[in-house]
Amino acid sequence: MPEPRVPESSVMPRFATGARVRISARSEGRHHRVPSYAKGRIGVIERVCGAYDQPELIAYRCSGEPLQTLYRVQLNQEDLWSDYEGACNDTLEIEIFEHWLEPA
Amino acid sequence: MSERHPHTHRSPPQPDHPEPSSDYELLGVALNELLIEKRIYTAAEMRATIEQIESIDSSHGARVVARAWTDPDYKAELLADGFAAVEKLGLDPGYVELTVLENTPQVHNVVVCTLCSCYPRLMLGRPPVWYKSKAYRSRVVREPRAVLREFGTEIPKDVEVRVHDSTAELRYLVLPMRPANTDGLSEDELVELVTRDSMIGTALAEAPSVAS
């Protein structure tokens with residue numbers, strides 16, 4: 001069973017709320033939790049969610065450590081889709097682990 | 001086989017689902033039977049687990065929403081720490097973080113899991129088939145307003161539509177706006193207006209019927 005709630009952790013988050021980040025565009029053959037539409041996109045940290053096991057490791061029954069900080073990243077829909085037909089202030093928020101983020 | 005496991009078939013599993021129609025469903029049935037034969041768990045334990053899962057429906061989430069509508073302190077707590085606030089109502093918040101997303105006159109929230117079908121099951125029960133469909137998962141991130149329109153939900157252009165892709169550890173519950181003309185309603189009456197879809201974000205809470 002997963003650990004209850006956000007594990008207490010000494011992991012220091014690299015990014016603060018409001019920081020501009022780019023979601024890595026790298027490809028990954030293993031199980032991972034970054035959908036392709038978000039790869040390479042630039043957004044803003046909406047909140048820091050705590051540190052969790054790395055999904056690329058626990059999917060294969062390995063220890064998930066070192067834990068990775070998880071963030072919610074806010075993206076503008078018009079940056080995601082060039083033909084977006086909603087309103088210009090529509091957004092999308094997605095959970096991304098720190099090892100998939102770079103400063104932008 | 002029966003000589004080696006004389007008690008295996010004393011309490012065989014009775015099917016809970018329709019006849020399997022695909023290879024994967026058949027594989028699931030076979031695996032379940034094998035685990036029972038190997039006494040990893042019993043048929044009675046499996047039945048009890050299914051009953052427990054099926055005992056949860058969206059009335060759990062609706063209670064949380066109705067309390068937030070009637071008690072501003074509770075609402076503040078719910079938005080700050082969904083897990084603790086749910087527990088406070090005597091409900092099981094599960095083992096993952098519950099993040100509550102408040103709809104306002106400026107922002108309409110809608111939830112999806114594009115990678116699989118992450119869903120706040122302990123608040124809403126089992127997800128509907130459309131939530132797990134490839135069509136919903138691929139389209140609501142790309143054309144959310146068109147998808148909402150298909151649910152009968154028109155969001156004005158000056159309201160931000162905010163899609164939440166539940167890709168990792170958090171689970172999301174939308175706190176819909178309290179409908180107009182509900183000032184005189186009790187918390188129990190308000191619960192009736194909170195639909196499952198309004199807590200996913202594909203619909204608004206129901207309007208009160210004229211009679212009440």
Taking the range B:143-168 and keeping only residues that are facing chain A (nearest Cβ under 7 Å) and over 18 Å from B:Ser117 (Cβ atoms), one is left with B:Glu143, B:Arg145, B:Lys157, B:Glu160, B:Val161, B:Arg162
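Against the condition basic (Lys, Arg) and in contact with a Phe, Trp or Tyr (Cβ under 8 Å, 6 or more places away or on another chain), how does A:Arg72 come out, does it pass? Please lay out each step first, then the result.
Working: basic (Lys, Arg): yes; in contact with a Phe, Trp or Tyr (Cβ under 8 Å, 6 or more places away or on another chain): no.
Spelling it out, it is not the case that A:Arg72 is basic (Lys, Arg) and in contact with a Phe, Trp or Tyr (Cβ under 8 Å, 6 or more places away or on another chain).
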If we ask which residues in the range B:148-167 are in contact (Cβ under 8 Å) with a residue 24 or more places away in the chain and either polar (S, T, N, Q) or over 14 Å from B:Glu102 (Cβ atoms) (or both), their number turns out to be 10
Scanning the range A:51-104 residue by residue, the ones that are among the basic types (Lys, Arg) and surrounded by 14 or more Cβ atoms within 10 Å (Cβ to Cβ) total 1
Looking only at the range B:137-146, and only at residues there that are of a type outside the set (Lys, Arg) and farther than 22 Å from B:Val100 by Cβ, the one that is surrounded by the fewest Cβ atoms within 10 Å (Cβ to Cβ): B:Ala146
Checked pairs for the range B:170-198, first within 23 Å of B:Ala80 (Cα to Cα), second of a type in the set (Phe, Trp, Tyr), C-beta under 6 Å and 6 or more apart or across chains, list as B:Arg178/B:Trp69; B:Leu190/B:Trp69
Considering the range B:117-136, residues that are within 14 Å of chain A (Cβ to nearest Cβ) and within 10 Å of the chain's Cα centre (by Cα), and then whichever is surrounded by the fewest Cβ atoms within 10 Å (Cβ to Cβ), we arrive at B:Arg121
Only helices (runs of 4 or more DSSP H) wholly contained in the range B:33-116 count here; list those with 1 or more residues that are within 20 Å of B:Asp197 (Cα to Cα) and away from chain A (no Cβ under 14 Å). B:43-54, B:59-70, B:72-80
List every residue pair whose Cβ atoms lie under 6 Å apart, where the two residues are 6 or more positions apart in sequence or sit on different chains, the first residue falls within the range A:35-57 and is among the basic types (Lys, Arg), and the second residue, located anywhere, is assigned to a loop (DSSP other than H, G, I, E, B). A:Lys39/A:Ala25; A:Arg47/A:Thr17
Give, as residue ranges, the strands (runs of 3 or more DSSP E) completely inside the range A:63-104 that count at least 3 residues that are within 7 Å of chain B (Cβ to nearest Cβ). A:91-97
Which residues, counting only those in the range B:26-68, are modelled with pLDDT under 90 and more than 27 Å from the chain's Cα centre (by Cα)? none
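Sort out which residues of the range B:16-64 are among the hydroxyl-bearing types (Ser, Thr, Tyr) and either surrounded by 15 or more Cβ atoms within 10 Å (Cβ to Cβ) or in contact (Cβ under 8 Å) with a residue 12 or more places away in the chain (or both), and write them in order of number. It would help to see each step written out before you state the result.
Of the residues in the range B:16-64, the ones among the hydroxyl-bearing types (Ser, Thr, Tyr) are B:21-22, B:24, B:41-42, B:49, B:55, B:58-59.
The answer is B:Thr42, B:Ser58, B:Ser59.
The values are calculated or read from the model by the stated rules, or taken from the named source; none is laboratory data. Treat the numbers as computed from the prediction; the structure is a model and nothing was measured. Backbone-built Cβ (ideal geometry, glycine too); neighbour counts: all protein chains shown.
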